[in-house]
Structure formats: structure tokens, C-alpha cells
1. Please sort 61-72, 126-137 by packing, taking for each peptide the average over its residues of neighbouring beta carbons within 10 angstrom, highest first.
2. What is the diffusion coefficient of the chain in µm²/s, taking the Kirkwood radius over Cα pairs and the Stokes-Einstein relation at 10 °C with a viscosity of 1.306 mPa s?
3. So what is the relative contact order of the chain, in percent, for Cα pairs below 8 Å that sit 6 or more residues apart?
4. Applying 1/(1 + (r/R0)^6) with R0 = 22 Å to the Cβ-Cβ distance of residue 66 and residue 23, what FRET efficiency is obtained, to the nearest 0.05?
5. So how much slack lies between residue 82 and residue 109, counting 0.36 nm per residue of separation and subtracting their Cα-Cα distance, in nm?
6. Per residue of the chain, what 222 nm ellipticity follows from adding -39500 (n - 2.57) for every DSSP H run with n ≥ 4, rounded to the nearest 500?
7. Kindly state, to the nearest 0.05, the FRET efficiency for residue 6 paired with residue 100, given R0 = 22 Å and r defined as their beta-carbon distance.
8. Anything in the chain that counts as a DSSP H helix reaching 15 Å or more along its axis (C-alpha) with Kyte-Doolittle mean of at least -0.5? List them, would you?
Amino acid sequence: MKKLTFEELPDAVEELYEKMKKIEILFEDKPYLKRKNSPLYHLDKEKCSTYLNKSDLAQFFYMLMDEKIFFFDDYDQKCNRSKIQLFVEENFTYKGDSGLQTDIDTISKQFSESKGFTYKEKQIKFIESMINTLEKRKNKLISW
């Protein structure tokens, strides 16, 4: 480890402080992780992580649900939406504002935004981004 000069010390302290804040955020949601002897230490349900933000994750699942690609209840749309939302909340984390993976308390608001036309431009931008990703994937497969 490099020995710091007096001039480098403020930057090093700031960097350490930022790292400590991220660790604290992680432990806020899962306080039992602080204690290795806790019976819940190894029982935390593993979730699928994504680099999408919460809004984009909701748009992604809403689109798949609305286009009837994913469903739990093909006959009751209200029930289906509730089940899809619960599935996302219980099984996924998203990239939070801190840059860390964050559990989803509720995604209802973001699902509502995905349905409404108020956020039409935001939805179009997200879909264009997804199309771009799929086009890159397609080109990669073609070039193999």
C-alpha cells in the first residue's frame, strides 16, 4: 500500500468516506448481514440483478406483460398485473441512484408510468435503446 503524502490525505479520506456510505446503504436494507452468527445470515433470498434503473425495469416488464409475452393470469388483467409486479419486487434488484443494487420495495408507481401516455417519450427512448441492444446482438450472431 502506498504511503500518502499530506496533500493526498483529503482525497483519500473522501474516497474512504464514499466507500463507507455505500457499505452502510447495503446494510440498511439487510441489517442481519452485519452479524455472521445470525440465523438469517445465509438465508437471504438470492435475486436477479440488473443494470436497469427502476423505471426502465418496470417499463421492460410492463411491455412484456402488455404484449402478452409474460403472464400469470391470461384472463384477469388486473390480477395479472398485480402478480407480475409482485414477481418483479420479490425477484429482482435494480441499479439505484448510489450505483448499488437495490431491493424493490414497490414498483407500482413505475408500472403506472409505463401505462400512461404522459411518459410516452420516455417509453419510446427506452424501446429504442432495447431495439439497439437487440440489433447489436443480431449483428453479433450474423458475424459468427
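Read-outs throughout are calculated quantities, based only on the coordinates presented, and are distinct from any laboratory measurement. Keep in mind the model is a prediction, meaning the values are calculated, not measured. Cβ sites come from the backbone with ideal geometry, for glycine too, and all protein chains shown count toward neighbours.
1. Going from most to least packed, we get 61-72, 126-137.
2. 86
3. 22
4. 0.05
5. Full-extension gain reported as 8.5 nm.
6. Dividing the helical sum by the residues of the chain leaves -18500 deg cm²/dmol.
7. 0.10
8. Those that pass (Cα extent of 15 Å or more, hydropathy at least -0.5) are 9-29, 54-66.
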